[in-house]
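The values are calculated or read from the model by the stated rules, or taken from the named source; none is laboratory data. These numbers come from a predicted model, not from an experiment. All Cβ positions, glycine included, derive from the backbone under ideal geometry; neighbour counts span all protein chains shown.
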């Protein structure tokens, strides 16, 4: 019997749903292969998240509670994960693909001698390692990629799997990991948080995204009103992040967040490849753009060719009757 | 400041169909640009390293034309298979004992979108590092990196020597002027041929490619804005059942 290990990320005081998606996939794999499923939570208050993690069926949960993990730092995170890997000897360690994980994944792979499959859309255990499908070339196609080795690290794009509760009786163990902060060579000077508890874009069920067509405060106001009405997270194309209209944390794309909502509404979004790479997995895509040749209309479930200043107000009025 | 920027030639992914046009990886272009901004302000030189086939030498000349000083071309043959593990090991071998203040790379390559090589290289060289940088600044003894994290921007000071991977959100890379292009022709480029056996250090391989999952064809809604709005609401509530 081998072991599959899932990393559980905590953000803004909550377990990230994308981690639970990955845990569910690992639960299915563990069941199919007859492996033990373990999870690891690394946070000063790790113990407070154990109950929720237990609901998704691991056999065992490690907690690492050193105060060094209050903020993201790559060095201690790599050290902690390497220690758990050495102890647990998993065939597979799976992560949700977040910026913090992207910051450590490659270094961790080298540290523990594990092959790495980053940012995958699906993955499986196979003889001698693991298999995955992952988007390449700005998500124009999928590459079937195989990793070989006794330990494989996999990071998974959010929305690739469903988080399916599987309540169980997990044992819990506080894993000792002491990090001497004096050995830290880098200094974290500041964290300028832009999320402030707003709906996490990469986990949102509904996303309203603003593109180049959203040129001024009036348009931005309409976008915000639509989003607020729908309880949607607000995303943005690179163009409007560059102008400073929207924060960088709202950028969707090849460089930026990957979203997979049930409903994506693109306002003034043209559908450039790099943006589409971050939202093509949305279930329903609505596009509002005055350019009938905008590539987004090739992708949209429902396309509205027209001026957003003329379309959004009646749309908002219509939706007020619904929600 | 002594910089080494690791660069890669990739297909032009901005075109919807593959045209065969090869370009300097956009994220690496940002790394080169930022290195130029910092060396223009603080003095210094920029060395380049590229792992790739002979045809990638035009990308080296492009980065030299932007203003880099010299380059090392680790020339691979067509039958060499690479992944991030193999590339980072090869780069580490050639950077061991280096005297650079900063080794910079793009945060990912636009063909693989793997985003592993930079951090793997930092680990192999034992360097403190930061990834996904959107801003760099120099202070005495430190590189101050502003990176895009999960909750917002993180500002991290790294001692020299260090490694940083760069986002293309950091800057708009300069387009080489004619003078730079002419000068680039005379800048030194050393070439080392890489033994294809290096493929043995790769731990992953691509078995094949598949199309992205298809989407059901969509529809355009007609009429005046009010009619479109009404039709959309009806579709979202009754047909798509997403509201």
Filter pass, residue A:124 being more than 7 Å from chain B (Cβ to nearest Cβ) and either touching a strand residue (DSSP E or B) at 6+ places or on another chain (Cβ under 6 Å) or in contact (Cβ under 8 Å) with a residue 40 or more places away in the chain (or both): yes
Residue in segment A:257-275 that is in a loop (DSSP other than H, G, I, E, B), at the interface with chain B (Cβ under 8 Å from one of its Cβ atoms), buried (at least 22 other Cβ atoms within 10 Å of the Cβ) and under 25 Å from the mean Cα position of the chain (by Cα) present: no
Of the criteria (1) in contact with a helix residue (DSSP H, G or I) (Cβ under 7 Å, 6 or more places away or on another chain); (2) assigned to a strand (DSSP E or B); (3) surrounded by fewer than 20 Cβ atoms within 10 Å (Cβ to Cβ); (4) within 14 Å of another protein chain (Cβ to nearest Cβ), which one residue A:208 fails: (3)
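Go through B:114, B:133, B:109 for me and flag whichever is under 24 Å from residue A:11 (Cβ atoms), outside any strand (DSSP E or B) and either in contact with a helix residue (DSSP H, G or I) (Cβ under 8 Å, 6 or more places away or on another chain) or more than 7 Å from chain A (Cβ to nearest Cβ) (or both).
Details: B:133 fails: outside any strand (DSSP E or B); B:109 fails: under 24 Å from residue A:11 (Cβ atoms).
Just a single option satisfies the conditions, and that option is B:114.
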In segment A:67-102, the residues that are away from chain B (no Cβ under 14 Å) and more than 19 Å from residue A:38 (Cβ to Cβ): A:67, A:68
The listed residue being out of contact with any helix residue (DSSP H, G or I) (no Cβ under 9 Å at 6 or more places or on another chain) and crowded, with 18+ Cβ neighbours inside 10 Å, out of A:114, A:88: A:88
So residue A:292, is it out of contact with any helix residue (DSSP H, G or I) (no Cβ under 9 Å at 6 or more places or on another chain) and either over 20 Å from residue B:221 (Cα atoms) or within 10 Å of another protein chain (Cβ to nearest Cβ) (or both): yes
Conditions (1) surrounded by fewer than 14 Cβ atoms within 10 Å (Cβ to Cβ); (2) under 30 Å from residue A:239 (Cβ atoms); number of the one not met by residue B:169: (1)
Tally of residues being within 26 Å of the chain's Cα centre (by Cα), at the interface with another protein chain (Cβ under 7 Å from one of its Cβ atoms) and at pLDDT below 95 across segment A:296-320: 1
Subset tally (residues that are exposed (fewer than 11 other Cβ atoms within 10 Å of the Cβ) and assigned to a loop (DSSP other than H, G, I, E, B)) for segment B:196-215: 2
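When you go through B:35, B:71 one by one, which is the residue that is in contact with a strand residue (DSSP E or B) (Cβ under 8 Å, 6 or more places away or on another chain), part of a strand (DSSP E or B) and surrounded by 22 or more Cβ atoms within 10 Å (Cβ to Cβ)?
That would be B:71, the only listed residue that is in contact with a strand residue (DSSP E or B) (Cβ under 8 Å, 6 or more places away or on another chain), part of a strand (DSSP E or B) and surrounded by 22 or more Cβ atoms within 10 Å (Cβ to Cβ).
Please determine whether any residue of segment B:117-124 is within 14 Å of another protein chain (Cβ to nearest Cβ), in a strand (DSSP E or B) and at pLDDT 95 or above.
Just the residues of segment B:117-124 that are within 14 Å of another protein chain (Cβ to nearest Cβ), to begin with: B:117-124.
Now restrict to residues that are in a strand (DSSP E or B): none.
The answer is no, given that none of the residues of segment B:117-124 is within 14 Å of another protein chain (Cβ to nearest Cβ), in a strand (DSSP E or B) and at pLDDT 95 or above.
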Members of segment A:134-159 found to be more than 7 Å from chain B (Cβ to nearest Cβ) and either under 25 Å from residue A:86 (Cβ atoms) or without any contact (Cβ under 8 Å) to a residue 60 or more places away in the chain (or both), listed by number: A:134, A:150, A:151, A:152, A:153, A:154, A:155, A:156
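Would it be correct to say that residue A:192 is crowded, with 21+ Cβ neighbours inside 10 Å, at pLDDT below 95 and within 10 Å of chain B (Cβ to nearest Cβ)?
Details: crowded, with 21+ Cβ neighbours inside 10 Å: no; at pLDDT below 95: yes; within 10 Å of chain B (Cβ to nearest Cβ): yes.
The answer is no for residue A:192.
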